[in-house]
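Bear in mind that the values in this text are calculations on the coordinates, not laboratory data. Small disclaimer: the values here were computed from a predicted structure and weren't measured. Note that each Cβ is placed from the backbone with ideal geometry, even for glycine, and that neighbours are counted across all protein chains shown.
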Amino acid sequence: MAIRRPLKNVRNGPVPGGIAHKKEPPMATQRKRIGVVIPKYGTVGGAEGFVAELTERLALNPDWEIHVFANQWVRRSDNVTFHRVSVIPFPRFFVTPSFALYAAKEMESQGIDLIHTHDRIFAADLFTMHGTPHSYWVYGVREKPFMSLFDRATAWVERKLVTGGRCSRFFAVSELTRKLYIEEYGLDPGMVEVHHPGVDLGMYEGLDREECRREVRQHLQIGIKEPVILFVSMNFEVKGLDRIMAGLSEIKLRRPTEPFRLLVVGRGNERKYRGIAQRLGIDDRVLFTGPVPREELAKVYLASDVYAMLSMFDTFGMVVLEAMAAGLPVAVSGTVGARDIVVPGENGYVIEDPQRPAEVATILSALLNPRERERMGEAARRTATEHTWEKAAGRVEEHYRRLLYPR
């Protein structure tokens, strides 16, 4: 059986000639050891980024040691100790069970006091649910007619974790995720809490909105007063780019002289969506930038006016909070978990049926109104300040203390 090898440019566990961590017996005065479990830590991806942002802040607390058990990781600080968890990649249905098995063995050898998992393993004290129950993902999202062996193995590990009796609390990233897990496993609703992702307000520190607006728009040849609707994604299809385009086409049909630009940032089938824009008659209003480095992305947010994401399905959508932190009102579909933090008419809108271009056009038209856009943008920024990573870490710390220091 093969063992999955490291990815390039990603730091991994023990390597020839080096030691990733020391295995020392716990001392009476030693801090409590927290085991954080995730297959990939700090790499590209919503859950991977979520875990890294949260864990790095938890690691600042002197009351405990943070130990991350992962197969691949990108080190962000020296505050976290990493342990490599091997994975058997072939046959594919071994992936989830093997990760769960090796994670359990490694954590046992390290004398972990509390296990907080962000993925499917056999047992944990806390489980943050970033996605949906696997069976729902297979049948409800991907609409597959049956489960593969991989799906069955993954669902089996998930069921052992959720129904095994050890977990004292389940953290769902949105109300959407919470409801799906409660329905799937008949969980006590009182055991399942919604813990939204946070946002790093520091990404905009030192940046001047007007300066960013001039710089970015001059580079992209966008008029300084043209309303810009921003779309950021590495998957155009899933995040609903075609739905946004259809809505904007409807706006152009209603009011041909209405100014707007759709700025598409990220990686996807650009050729396909250029063709869609052309067929809809808005190709002159759409700009594709390709992927943008994170430090430059902050400037793009500040240079824009509205953020739109009409995903077919998304358990949260962390970019929504990033846009809000930049003072952008947002438009999200009803199947985006971030709808939890959107107050219609106050900091954005929820579009319940984004497959209807007329409904999308009505909402986006409202957001194109300068006075309303400014009012809602200020409210969006206030919403973001209530959802920082520091506050998210504080909520998790309360549970750590409750479990580690019971009264």
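Here are the numbers for the structure shown:
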{"read-out": "Cα gyration tensor shape for the stretch 231-340, rounded if a/c is under 1.5, else prolate or oblate", "value": "rounded"}
{"read-out": "Contour minus Cα-Cα distance for F146 and K160 (0.36 nm per residue)", "value": "3.0 nm"}
{"read-out": "FRET efficiency estimate (nearest 0.05) - Cβ-Cβ, K179 to R254, R0 30 angstrom", "value": "0.25"}
{"read-out": "When each of K239/K272; K40/K299; K252/K299; K32/K179; K299/K391; K40/K144 is checked by Cα-Cα distance, pairs over 23 Å", "value": "K40/K299; K252/K299; K32/K179; K299/K391; K40/K144"}
{"read-out": "Theoretical gain in end-to-end length, V194 to K32 [0.36 nm per residue, Cα-Cα removed]", "value": "55.8 nm"}
{"read-out": "Charge dipole (debye, nearest 20) of the chain; +1 at Cβ of Lys and Arg, -1 at Cβ of Asp and Glu", "value": "1000 debye"}
{"read-out": "The stretch 81-124-the stretch 369-405 distance, computed between alpha-carbon centres (Å)", "value": "31 Å"}
{"read-out": "The stretch 171-265 shape via C-alpha gyration tensor axes, a/c threshold 1.5", "value": "oblate"}
{"read-out": "Amide N of the stretch 298-328 lying under 12 Å from the label point, which is placed 7 angstrom from the Cα of Q355 along Cα→Cβ", "value": "312"}
{"read-out": "Normalised alpha carbon radius of gyration of the stretch 201-385 [divisor 2.2 N^0.38 Å]", "value": "0.92"}
{"read-out": "Built amide H within the under 5 Å cut-off of W73, gap 5+", "value": "R11, Y41"}
{"read-out": "Inter-label distance for L187 and R407, nm, one decimal - labels placed 7 Å from Cα along Cα-to-Cβ", "value": "2.6 nm"}
{"read-out": "Relative contact order [Cα under 8 Å, 6+ residues apart], the chain, whole percent", "value": "13 percent"}
{"read-out": "FRET efficiency, D208 to N369 (Cβ-Cβ, R0 22 Å, nearest 0.05)", "value": "0.35"}
{"read-out": "Burial ordering of E48, E390, fewest other beta-carbon atoms within 10 Å first", "value": "E390, E48"}
{"read-out": "Anisotropy class of the chain from Cα gyration tensor, a/c 1.5 cut", "value": "prolate"}
{"read-out": "Integer Hz, Karplus 6.51/-1.76/1.60 couplings in order for the stretch 291-306, x for Gly and Pro", "value": "x, 10, x, 4, 5, 7, 4, 4, 5, 5, 4, 5, 7, 9, 10, 9"}
{"read-out": "For the stretch 266-275, Karplus couplings with θ = phi - 60° (6.51, -1.76, 1.60), whole Hz, Gly/Pro x", "value": "x, 10, x, 7, 4, 4, 4, 7, 5, x"}
{"read-out": "The stretch 201-385, relative contact order in percent, only Cα pairs under 8 angstrom and at least six apart counted", "value": "24 percent"}
{"read-out": "Options H195, T362, V343, ranked by Cα towards positive dipole end of the chain, top entry (Cβ charges)", "value": "H195"}
{"read-out": "Theoretical ellipticity at 222 nm over the chain - DSSP helices of four or more residues, -39500 (n - 2.57) apiece, nearest 500", "value": "-12000 deg cm²/dmol"}
{"read-out": "From phi via Karplus (6.51, -1.76, 1.60), per-residue ³J(HN,Hα) for the stretch 182-196 in Hz, x at Gly/Pro", "value": "4, 5, 5, 10, x, 5, 5, x, x, 8, 10, 10, 8, 10, 5"}
{"read-out": "Residues whose placed amide H lies under 5 Å from that of M129, excluding near-sequence neighbours", "value": "F171, A172, V173"}
